[in-house]
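Read through the structure below, which is laid out as structure tokens, and then see the notes.
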Amino acid sequence: MKQHLITLAFFFFWYGCQKEEITIGLHADDTFYLKRADASMRVLVRGNTASKVFMVIVHGGPGSSSYMYQTPGMTDIVEKEMAVVYYDQRNAGASQGNTSAGDFRLDEYGNDLYAVLKLLQHRYGDDVKFFVLSKSFGGMVASSFMTKDNNQTMVKGWLFVDASHNYQLNDSLTHEMLLRVGNEHLANNHHAEKWKPIVEYCLKNPPGPFNSHQSLLLNQYGWEAQKIIEGLEQNDNNVLHDAIFCENMPITSYLLGRTNAADRRFNHSLNNIKFSHTLKKVTIPVLVCYGKLDFVCPQGLGDDFLAHIGSSDTHKIIFERSAHRFEEQEAYYRAFVQFVSDHL
Amino acid sequence: MFIGMKRIAFIFFAHFWAVSLFAQGEPVATTMVSSNLKIAYNGSIVYPGLRCGLEFPIRQTDLKAILKNNAWKNVSKKRYATLELGYYHHPSFHDNVFLLLGWQTRKQRPKGFFTEFASALGYSRTFLGGETYLVDNNTGNIGRVHQAGYNYAVLALGGGLGYAFRHKSALYLRTSLLTMFPSINIIYPRPTVDLGVVWQPKHFLTTRLKVVSKLKTRKP
């Protein structure tokens, strides 16, 4: 019995002392964790680490996951050219810990992003070049990071993709777009039964400062509208299925990250945070991408972002047949690669 | 943290106090019996693992009832205190080792088929599925954390079915839900499936078993 216990103890000691696995090559696939206070965040680095160029994805949500970005297109187009960093924010995806709800503050998310970049430098060298791709809620996280101290000097370029930096503006734009497009469809009798409740809600809740409950409902109606709108490019990727069965995504952790009470409380706290007037501090090159049919983060957010950003090197692309999910996958990914290669 | 530990201690106490109430029955006979050993493949659905443990028989109720068609129905209900050690491996997420102390009931039919229900409380230690680094944003210090992971209290509930063979062994299939807390998501639920064997070696951790016989007849 004693021998078995010693063997078991030796196993765990050996397990805990494994050598660092750092891949510098064309097909890296390194998973490691970043621990800050009581939260441990999963970081996955895939692709061409030999390029020394790292594109860090700041995913949406709050409480979504970087697993949602691990698509065949990302592998075939982007990971060939650079390393792509998929990291799960606290309370999302494969992140773990005992963190209490009080630690879910936007500035902590920004500090996590700073720590991710520091850790990547530690592992892959101080000479690596970073590009930050922020998507949806990730725009808030990245805005918090970029406008703090001199953080932006760590980054060569910022890809602001279907993202938000101002929730109140986001809600007003979603409201306006739902009402406008909804009325057009009702007039033409296209999916009238599905548009009717959306339009009715918008009429009952006129523009103004929306509270967090209204904000949540507008977001849900935005997703509904994207299911019935015509003209979207069809996308056959089943990212969730692939994540569960090919990428070992912890499904219960992912689902709870999206729905738990801490997440809802955090969502409420975001309602009055806006970065429009602090963006003038940011002077690094930016690429702004929006789907024309995006009701969740309408393209007007990109216009406001560009109107306030301090950078003189700005680029904007509107994808005509996309909404909020990179529907024109190849076009999005090629635009990312082009922007990065133009700003090395 | 201290308040959290007090809550956990209270739940443990309440659980075992409730369990001890079962001992208030009226035994007809007592007999010395061996305890059971069990070992199972414990898959967290698709992620492999192992679970092994002990079942200490506490009480057996042999129920004989007469049915509407005048046939006799025999059912044996057994109650066990259980101790289990489990493990599963979820690549790139975590490895989890857990120790459970529980209560199990098993209802066995004459032909050998049985159903069971198990509840348990315990402790879980996870080991993160990758190298882990602690980053201090203020100082810029970065250090590796060895054996990084988390401690959780666990509440496990499960049910299953099986077949008991003549030679004091049985095969069983059980699904369980491990609920770990406190977690970043408040709780972290984890479904598992066990496929395993139970056997009763001779003179192994012999315990006193209370055997109660009950007869149920129809009202006149």
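The values are calculated or read from the model by the stated rules, or taken from the named source; none is laboratory data. Note that the coordinates shown come from a computational prediction; the quantities given were computed from them, not determined experimentally. Please note: Cβ atoms are built from the backbone with ideal geometry, for glycine as well, and neighbour counts cover all protein chains shown.
Brief remarks follow.
- Selection count where residues are part of a loop (DSSP other than H, G, I, E, B) and closer than 19 Å to A:HIS175 by Cα, scope region A:283-321: 8
- Residue in region A:260-272 that is without any contact (Cβ under 8 Å) to a residue 12 or more places away in the chain and of a type outside the set (Gly, Ala, Ser) present: yes
- B:TYR152 in a strand (DSSP E or B), in contact (Cβ under 8 Å) with a residue 24 or more places away in the chain, within 9 Å of another protein chain (Cβ to nearest Cβ) and not acidic (Asp, Glu): yes
- Residue count for region A:147-205 satisfying the condition of being in contact with a Lys or Arg (Cβ under 7 Å, 6 or more places away or on another chain), part of a strand (DSSP E or B) and under 20 Å from A:TYR109 (Cβ atoms): 4.
- If you go through region B:34-52 and keep only what is at pLDDT below 90 and β-branched (Val, Ile, Thr), you end up with B:ILE45, B:VAL46.
- If you go through region A:224-239 and keep only what is of a type outside the set (A, V, I, L, M) and assigned to a loop (DSSP other than H, G, I, E, B), you end up with A:GLU230, A:GLY231, A:GLU233, A:GLN234, A:ASN235, A:ASP236, A:ASN237, A:ASN238.
- Apart from one condition, A:ASP127 fits all of (1) under 12 Å from A:VAL43 (Cα atoms); (2) over 14 Å from the mean Cα position of the chain (by Cα); the exception is (1).
- Pair list, Cβ < 7 Å and 6+ apart or interchain, from region B:178-190 residues that are at the interface with chain A (Cβ under 7 Å from one of its Cβ atoms) to residues that are of a type in the set (Gly, Ala, Ser) and assigned to a strand (DSSP E or B): B:ILE184/A:ALA39; B:ILE184/A:GLY97; B:ARG190/B:SER44
- Matching entry among A:ASP107, A:ASP38, A:ASP103, A:ASP126 (being surrounded by fewer than 24 Cβ atoms within 10 Å (Cβ to Cβ), without any contact (Cβ under 8 Å) to a residue 24 or more places away in the chain and among the acidic types (Asp, Glu)): A:ASP126
- Screening the candidates B:LYS107, B:LYS78 for the property of being crowded, with 18+ Cβ neighbours inside 10 Å, closer than 23 Å to B:THR217 by Cα and within 22 Å of the chain's Cα centre (by Cα) yields one hit, B:LYS78.
- Region B:110-142, residues that are surrounded by 21 or more Cβ atoms within 10 Å (Cβ to Cβ), more than 9 Å from every other protein chain (Cβ to nearest Cβ) and more than 30 Å from B:ALA164 (Cα to Cα): B:SER124
- Every residue from region A:37-80 that is within 14 Å of chain B (Cβ to nearest Cβ), part of a helix (DSSP H, G or I) and over 10 Å from the mean Cα position of the chain (by Cα): A:TYR67
- Test result for A:MET140, on the phi < 0 side of the Ramachandran plot, in contact with a His (Cβ under 8 Å, 6 or more places away or on another chain) and in contact (Cβ under 8 Å) with a residue 24 or more places away in the chain: yes
- Looking only at residues of region A:284-339 that are of a type in the set (D, E, K, R) and in contact with a Lys or Arg (Cβ under 6 Å, 6 or more places away or on another chain), we find that the one that is surrounded by the fewest Cβ atoms within 10 Å (Cβ to Cβ) is A:GLU320.
- Qualifying residue in region A:324-337 (condition: modelled with pLDDT of 95 or more, hydroxyl-bearing (Ser, Thr, Tyr), in the same structural domain as A:PHE130 (by TED's automatic domain parsing) and assigned to a helix (DSSP H, G or I)): yes
- Residues in region A:240-282 that are hydrophobic (A, V, I, L, M, F, W, C), assigned to a loop (DSSP other than H, G, I, E, B) and touching a helix residue (DSSP H, G or I) at 6+ places or on another chain (Cβ under 9 Å) were compared, and the one that is nearest to the other protein chains (Cβ to nearest Cβ) is A:MET249.
- Odd one out for B:LEU157 among (1) facing chain A (nearest Cβ under 10 Å); (2) in a strand (DSSP E or B): (1)
- Subset of region A:198-227 that is surrounded by 12 or more Cβ atoms within 10 Å (Cβ to Cβ) and of a type in the set (A, V, I, L, M) - its residue that is nearest to A:ARG264 (Cα to Cα): A:LEU216
- Residue within region B:136-147 that is farther than 18 Å from B:SER44 by Cβ, touching a residue at least 12 places away in the same chain (Cβ under 8 Å) and part of a strand (DSSP E or B) present: yes
- Any hit, region A:95-113, residues being part of a strand (DSSP E or B), at pLDDT below 95 and at the interface with chain B (Cβ under 10 Å from one of its Cβ atoms): yes
- Odd one out for A:GLY231 among (1) surrounded by 12 or more Cβ atoms within 10 Å (Cβ to Cβ); (2) out of contact with any Gly (no Cβ under 9 Å at 6 or more places or on another chain); (3) in contact (Cβ under 8 Å) with a residue 60 or more places away in the chain; (4) more than 14 Å from chain B (Cβ to nearest Cβ): (1)
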